[in-house]
Amino acid sequence: MKIEIRTQDYDPWHEISSYQQQMSPGSYGATAVFVGTMRDFNEGEDVEAMLLEHYPGMTEKQLETLGQQAITQHELLDLLILHRVGEVRPNDPIVLVAAWSAHRKASFDASREVMEKLKSVATFWKKEQLGEGARWVEKNTPG
Amino acid sequence: MHITVKYFASLREQMGREGDILDIEEPIQMTDVWQRVSNNKPLENLLCSRNRQYAQWDELTEDGDEIAFFPPVTGG
């Protein structure tokens with residue numbers, strides 16, 4: 001399992017293929033991937049950029065815990081979670097969850113579950129930069 | 001006993017500072033910590049953690065604790 005909070009832009013597809021190289025070929029039969037990217041609109045307003053903040057030391061531990069739970073519960077072969085902090089622009093990836101398993105159900109279920117837990121529990125906050133002014137995002141959209 | 005208090009996101013901006021250090025004589029509840037640092041502001045739409053784990057509002061502090069207050073999370 002790999003968990004990382006990134007301060008720089010990343011290419012999720014490159015991250016997945018690069019991470020897969022340390023896995024034994026033929027050992028997995030399913031890979032489920034979720035990539036969350038930044039929209040340029042929210043609640044009827046154009047959003048130019050977003051600042052993502054986290055609680056260093058707490059957030060990493062939360063992601064480790066929920067990742068380990070998903071691996072155990074769904075018998076995953078491996079799991080990769082990346083999350084951006086700092087300034088992001090429209091279309092930049094924010095979060096990547098990739099789950100590897102023998103069969104599809106486990107990786108589908110686990111990637112969804114990890115994402116929902118991450119959104120409801122992990123200590124990240126977003127501040128949107130609008131054309132005029134800025135505002136903190138107060139709640140996440142329902143899954 | 002000394003406890004460190006941290007604020008995040010919109011709350012940090014409202015408080016106008018990143019945190020506080022409190023010197024208290026005996027264990028107090030998280031609600032009491034909030035009242036001291038905020039001058040009795042109402043406890044609205046806030047979460048708290050103690051030593052980097054979510055905490056209950058009636059949980060008691062211990063010497064050396066790192067307490068944090070923050071708004072609901074919005075990651076992902």
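The values are calculated or read from the model by the stated rules, or taken from the named source; none is laboratory data. Keep in mind the model is a prediction, meaning the values are calculated, not measured. Every residue, glycine among them, receives a Cβ derived from its backbone with ideal geometry; neighbour counts consider all protein chains shown.
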>> Considering only residues that are facing chain B (nearest Cβ under 10 Å) and surrounded by fewer than 18 Cβ atoms within 10 Å (Cβ to Cβ), which ones fall in region A:116-133?
In response: A:E116, A:S120, A:V121
>> What's the total number of residues in region B:1-49 that are in a strand (DSSP E or B), under 11 Å from B:P71 (Cα atoms) and touching a Ser or Thr at 6+ places or on another chain (Cβ under 8 Å)?
In response: 0
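Filter region B:56-68 for residues that are within 11 Å of chain A (Cβ to nearest Cβ) and either crowded, with 20+ Cβ neighbours inside 10 Å or in contact with a helix residue (DSSP H, G or I) (Cβ under 6 Å, 6 or more places away or on another chain) (or both) and give the result. Before the answer, list the steps.
We begin by selecting, within region B:56-68, every residue within 11 Å of chain A (Cβ to nearest Cβ); these are B:66, B:68.
Answer for region B:56-68, where residues must be within 11 Å of chain A (Cβ to nearest Cβ) and either crowded, with 20+ Cβ neighbours inside 10 Å or in contact with a helix residue (DSSP H, G or I) (Cβ under 6 Å, 6 or more places away or on another chain) (or both): just B:A68.
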> Has region A:104-114 got any residue that is crowded, with 22+ Cβ neighbours inside 10 Å, among the small types (G, A, S), out of contact with any helix residue (DSSP H, G or I) (no Cβ under 7 Å at 6 or more places or on another chain) and more than 10 Å from chain B (Cβ to nearest Cβ)?
Replying inline: yes
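In the set A:Q21, A:Q73, A:Q68, A:Q62, which member is free of Cβ contacts under 8 Å to residues at least 24 places away in the same chain and out of contact with any Pro (no Cβ under 7 Å at 6 or more places or on another chain)?
A:Q21
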> Among the residues of region B:57-70, which ones are under 11 Å from the mean Cα position of the chain (by Cα) and part of a loop (DSSP other than H, G, I, E, B)?
Replying inline: B:W57, B:T61, B:D65
> Does region A:1-38 hold any residues that are among the charged types (D, E, K, R) and either over 20 Å from A:E64 (Cβ atoms) or assigned to a strand (DSSP E or B) (or both), and which are they?
Replying inline: A:K2, A:E4, A:R6, A:D9, A:D11
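Just one of A:V95, A:V85 is facing another protein chain (nearest Cβ under 10 Å), modelled with pLDDT of 95 or more and farther than 22 Å from B:L47 by Cα; which is it?
A:V95
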>> For region A:39-54, check the following and say yes or no: at least one residue is within 14 Å of another protein chain (Cβ to nearest Cβ), in a loop (DSSP other than H, G, I, E, B) and not hydroxyl-bearing (S, T, Y).
In response: yes
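Give region A:67-85 a look and list any residue that's surrounded by fewer than 22 Cβ atoms within 10 Å (Cβ to Cβ) and within 14 Å of the chain's Cα centre (by Cα), or say none.
First, the residues of region A:67-85 that are surrounded by fewer than 22 Cβ atoms within 10 Å (Cβ to Cβ): A:68-69, A:71-75, A:77-78, A:85.
Once the filter is applied, which keeps residues that are surrounded by fewer than 22 Cβ atoms within 10 Å (Cβ to Cβ) and within 14 Å of the chain's Cα centre (by Cα), region A:67-85 yields only A:V85.
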>> Looking only at region A:24-42, count every residue that is farther than 11 Å from A:L82 by Cα, touching a residue at least 12 places away in the same chain (Cβ under 8 Å) and of a type in the set (G, A, S) and tell me the total.
In response: 4
